[in-house]
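Structure first, commentary second.
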Amino acid sequence: MLRRLALLVLLAGAFAAPAHAQGTTLMPGVTFEKTVEFTPHGAVVVNVITAPRPGGLYQLGPVLAHGTISGGLERVSQIEHDVSAQATAVGIDGDSVDAKAGTPSGIVLQGGALWHAPVGTRSSTGIDGAGSLHVDRVKFSGTWQGTGQRRPLAGVNQPPAAGSVVLYTTAWGAPVPKAAGSADVILDHFPPATPNTVVSAPVTATGAGGGETIPPLGAVLVATGDAAAKLQAEAPVGTTLSIRLVLQPSWDGVTTALGGGPVLVRGGKAVFRNGESFTNDQVTSRSPRAAVGQLADGRILLVAVDGGQPGYSVGLTSFELARTMTQLGAVTASAVDSGSSVSAAFDGQLLDRPYKEHAVKEALLVQYFGVYAPEPSLPLVDGDPGSTGEQLSYKLVRPSTVTAQLIGPDGAAHVLEAGVAHDPGTYQFSFGTFDREGTWHWNVAATDDLGRASTADRTFRFDTTLKALSVPKAARGSVPIRFTLTRAASVRVQIETSKGVVVATLPASSLAPGEQSVTWDGSLPQGTRAYAGAYVAHVFATSIVGTSDLSTNFSYRRG
């Protein structure tokens, strides 16, 4: 019980932040914060990514596992790893997967080309060229025409139903599915499948039964049942076939889209009755849920709610998620995936705490194409032997000209590179010549081959106030905590579990320079004795330079 109460206090202190708290900077312009909502049903942990309006160095859209419709599933963190050479990415899971087909359930629109048709009874989310979010129920219809009249086209890159015709483009990524008795038409030099326009290509070959390989610049039509005879008769080799893919509404200007739903926020108000084709259980159960929204100033919200973990996070209903999105400031928002597959990750590392990270068909990612500098390896350089050098790095995804420098607390610049041309890649440095104590900036400015300028700035502290922390590795009864101060400081000591839960805090004391010792007698705030086990001694020293801290592990036994 004590540990559980301590955990709830820790969660409240760490996560209960205003909706627009600054959060942790993941990459330039993109922040992350973890908040907790205490509800009558239990705590709910909400993971919030805030990113700039899409455009320029930032792109928002779905990214498919293995890059194709048919390519199988991957975890969100792995999808980010797959694109890491082209961009630095952060995001959540996207549309749910069609369990039978292994494809996205709804629309996929990439670069203005339709990769997969929408579900007309559910909301789809589109992003236009100006970076605005559109949430609508979008319906699909299509036609093909050879030597005869226009004929219906049932879908794009999806298994064909009986008596239908389906278009397979290179986005499918594999030979078309086998289909007994089908008639197949191979097209060459097929233009991008842009909605609401007529695209044409010559028939270069025909086949039957499916399994054909899609030409690198081509497409394949597969017809089954009664439709097979019509396609075979009206699309012989040499015919120019015309195809029209229609979206309603037309979504003029929308270039990127994914499926999902239901709609959560419209005009800044939470939507209660969405009327979409979801079961009552799908919208009313408290579950892990994911959503995308847009603030009034154009910034993007990506939200992943942990759930299904009583004592940590119980999840939200669909309407509760809608209210959470409005509280975060969204004027437009839609749900995407829900359930055990919900996760959030940055640069291949999880941000949330799902029960287990599941493989998905699609991730909804913010991709950043400017210079990226990871957090320095040692946020605080404490002056101990082996800890006085800071390991620094930055990543480029395009050829760029770079100036990299360390800026000291006094504003003096220590230039490591000035106007150096680099190919894409990661560049590393080690710096140990610190001439001032305080907050330092690792600042990298780059201009890429497209003329786009970007800057990454990371801070860390060089502070030698606190040194030489030691605790007996196996303590019994009382625990002496020894350390050295190089200047006068106010010192506070926390005793924590190995998972970071604070179990005891010793009173702060003002100490002089030199060797010092503080003793923990093994008692807890309630007057009880600590259980035997593994603990961490965490020492904080606040001086004229700032606050530095060191920690060390030890095992404890009652005396």
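The values are calculated or read from the model by the stated rules, or taken from the named source; none is laboratory data. What you see is a predicted model; the values in this text were computed from it and never measured. Here Cβ is always computed from backbone atoms with ideal geometry, including for glycine, and neighbour counts include all displayed protein chains. Protein only, heavy atoms only, side chains kept; ligands, DNA and RNA dropped before computing areas. Shrake-Rupley method; radii C 1.70, N 1.55, O 1.52, S 1.80 Å.
Against the condition under 27 Å from Asp352 (Cβ atoms) and either touching a residue at least 40 places away in the same chain (Cβ under 8 Å) or over 16 Å from the mean Cα position of the chain (by Cα) (or both), how does Pro118 come out, does it pass? When the stated conditions are applied, Pro118 does not pass them.
Looking at this structure, is Ala180 among the small types (Gly, Ala, Ser), at pLDDT below 95 and assigned to a loop (DSSP other than H, G, I, E, B)? No: the conditions fail for Ala180. Evaluate the following for Pro354: is it in contact (Cβ under 8 Å) with a residue 60 or more places away in the chain, outside any strand (DSSP E or B) and either out of contact with any helix residue (DSSP H, G or I) (no Cβ under 6 Å at 6 or more places or on another chain) or over 30 Å from Gly308 (Cα atoms) (or both)? Yes, satisfied. Candidates are the residues of region 98-108 that are crowded, with 24+ Cβ neighbours inside 10 Å and among the hydrophobic types (A, V, I, L, M, F, W, C); the one that is farthest from Pro399 (Cα to Cα) is Ile107.
Taken together, the residues in region 400-425 that are touching a Lys or Arg at 6+ places or on another chain (Cβ under 7 Å) and surrounded by 13 or more Cβ atoms within 10 Å (Cβ to Cβ) amount to 3.
Among the numbered criteria (1) assigned to a loop (DSSP other than H, G, I, E, B); (2) open to solvent by 20 Å² or more (accessible area, probe 1.4 Å), which single criterion is violated by Asp95? Single failed check for Asp95: (2). Output the residue which, of all residues in region 501-518 that are surrounded by 13 or more Cβ atoms within 10 Å (Cβ to Cβ) and farther than 17 Å from Thr547 by Cβ, is nearest to the chain's Cα centre (by Cα). Once the filter is applied, the top-ranked residue is Val501. Of the listed requirements (1) surrounded by 22 or more Cβ atoms within 10 Å (Cβ to Cβ); (2) out of contact with any Gly (no Cβ under 8 Å at 6 or more places or on another chain); (3) polar (S, T, N, Q); (4) closer than 18 Å to Gln248 by Cα, Thr121 misses just one: (1). Restricting the search to region 68-92, which residues are assigned to a loop (DSSP other than H, G, I, E, B) and more than 22 Å from Ala174 (Cα to Cα)? Listed by number, the residues that qualify are Ser84, Ala85, Gln86, Ala87.
Have a look at Ile495, Ile481, Ile544 and point out the one that is among the hydrophobic types (A, V, I, L, M, F, W, C) and open to solvent by 60 Å² or more (accessible area, probe 1.4 Å). Being among the hydrophobic types (A, V, I, L, M, F, W, C) and open to solvent by 60 Å² or more (accessible area, probe 1.4 Å) holds for just one of Ile495, Ile481, Ile544, which is Ile544.
Listed here are the residues, each with its yes/no results for (1) part of a loop (DSSP other than H, G, I, E, B); (2) more than 23 Å from Ala363 (Cα to Cα); (3) touching a residue at least 12 places away in the same chain (Cβ under 8 Å).
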position: Val265; (1), (2), (3): no, no, yes
position: Phe272; (1), (2), (3): yes, yes, yes
position: Ser277; (1), (2), (3): yes, no, yes
position: Val292; (1), (2), (3): no, no, yes
position: Gly298; (1), (2), (3): yes, no, yes
position: Val303; (1), (2), (3): no, no, yes
position: Thr324; (1), (2), (3): no, no, yes
position: Ser334; (1), (2), (3): no, no, yes
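Quick grid of which residues meet (1) of a type in the set (Lys, Arg); (2) over 12 Å from the mean Cα position of the chain (by Cα); (3) modelled with pLDDT under 95:
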site: Thr326; (1), (2), (3): no, yes, no
site: Ala344; (1), (2), (3): no, no, no
site: Tyr355; (1), (2), (3): no, yes, yes
site: Leu365; (1), (2), (3): no, no, no
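Take region 305-322 and flag every residue that is hydroxyl-bearing (Ser, Thr, Tyr) and assigned to a strand (DSSP E or B). Selection gives Ser313 alone.
Can you run down the residue pairs with Cβ atoms below 9 Å, 6 or more apart or on separate chains, where the first is in region 214-225 and on the phi < 0 side of the Ramachandran plot and the partner is of a type in the set (Asp, Glu) and crowded, with 17+ Cβ neighbours inside 10 Å? Partner pairs satisfying both residue conditions: Val220/Asp184; Val220/Glu212; Leu221/Asp184; Val222/Asp184; Val222/Glu212; Ala223/Asp184. Scanning region 441-474 for residues that are under 22 Å from Thr403 (Cα atoms) and small (Gly, Ala, Ser) turns up Ala445, Ala446, Gly451, Ala453, Ser454, Ala456. Kindly provide the set of residues from region 361-376 that are out of contact with any Phe, Trp or Tyr (no Cβ under 9 Å at 6 or more places or on another chain) and either surrounded by fewer than 19 Cβ atoms within 10 Å (Cβ to Cβ) or closer than 17 Å to Ile49 by Cα (or both), ordered by number. Once the filter is applied, which keeps residues that are out of contact with any Phe, Trp or Tyr (no Cβ under 9 Å at 6 or more places or on another chain) and either surrounded by fewer than 19 Cβ atoms within 10 Å (Cβ to Cβ) or closer than 17 Å to Ile49 by Cα (or both), region 361-376 yields Ala363, Leu364, Leu365.
Restricting attention to region 142-160 and to residues that are within 15 Å of His116 (Cβ to Cβ) and touching a residue at least 40 places away in the same chain (Cβ under 8 Å), the residue that is most open to solvent (accessible area, probe 1.4 Å) turns out to be Pro159. Put simply, of Gly71, Gly111 the only residue that is surrounded by fewer than 19 Cβ atoms within 10 Å (Cβ to Cβ) and either under 18 Å from the mean Cα position of the chain (by Cα) or modelled with pLDDT of 95 or more (or both) is Gly111. The selection criterion, being of a type in the set (Gly, Ala, Ser) and more than 28 Å from Leu64 (Cβ to Cβ), holds for Ala235.
Residues that are in contact with a Ser or Thr (Cβ under 9 Å, 6 or more places away or on another chain) and open to solvent by 30 Å² or more (accessible area, probe 1.4 Å) number at least 3 in the following strands (runs of 3 or more DSSP E) confined to region 191-250: 198-210, 240-248. Every listed requirement among (1) within 29 Å of Pro249 (Cα to Cα); (2) open to solvent by 40 Å² or more (accessible area, probe 1.4 Å); (3) charged (D, E, K, R) is met by Asp128 save one, (2).
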